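Novice: Questions regarding the structure given below will be posed in turn.
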Amino acid sequence: MDTSISKSRLFYENDNKFHETLFEFASQSKAWAIVSKNATALNRVRVMANLRESSRVEEIYEYHSKMVLN
């Protein structure tokens, strides 16, 4: 598998885990189950879109880091 595709998938696996954790923290696990169950096609698009714009992944990472650290 192409390394950039692997990195993009890994990023979104971790990004999804991040959002799942936020939903759990807010006692909204059932809502996350609905979101994640219906996000398969969206996740494919997210991975492919970020292959073209790798800087976008870095922006998302920075934004999420600020949320956690502030």
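Novice: Name every residue in the stretch 41-70 that is of a type outside the set (A, V, I, L, M, F, W, C) and more than 15 Å from L10 (Cα to Cα), in order of residue number.
Specialist: R52, E53, S55, E59, E62, Y63, H64, S65, K66, N70 - these are the residues of the stretch 41-70 that are of a type outside the set (A, V, I, L, M, F, W, C) and more than 15 Å from L10 (Cα to Cα).
Novice: Now for a different question. Return yes when S65 is assigned to a helix (DSSP H, G or I) and in contact with a Leu (Cβ under 9 Å, 6 or more places away or on another chain) and no when it is not. Spell out how you get there, then give the answer.
Specialist: Details: assigned to a helix (DSSP H, G or I): yes; in contact with a Leu (Cβ under 9 Å, 6 or more places away or on another chain): no.
Taking the combined requirement at face value, the residue does not satisfy it.
Novice: Would you check which residues across the stretch 16-28 are surrounded by 11 or more Cβ atoms within 10 Å (Cβ to Cβ) and outside any loop (DSSP other than H, G, I, E, B) and list them?
Specialist: Residues satisfying the conditions are N16, F18, H19, E20, T21, L22, F23, E24.
Novice: Then there is this: Specify the residue that is farthest from the chain's Cα centre (by Cα); the eligible residues are those in the stretch 1-45 that are of a type in the set (V, I, T) and at pLDDT 85 or above. Don't jump to the end; show me each part of the working.
Specialist: In the first step, residues of the stretch 1-45 are kept if they are of a type in the set (V, I, T); the result is 3, 5, 21, 34-35, 40, 45.
This time we only want the ones that are at pLDDT 85 or above, so: 21, 34-35.
Numbers: T21: 12, I34: 16, V35: 12 Å.
In this case the residue turns out to be I34.
The values are calculated or read from the model by the stated rules, or taken from the named source; none is laboratory data. Since the model is a prediction, treat every value here as computed from it, not as a measurement. So basically every Cβ, Gly included, is an ideal-geometry build from the backbone, and we count neighbours across all protein chains shown.
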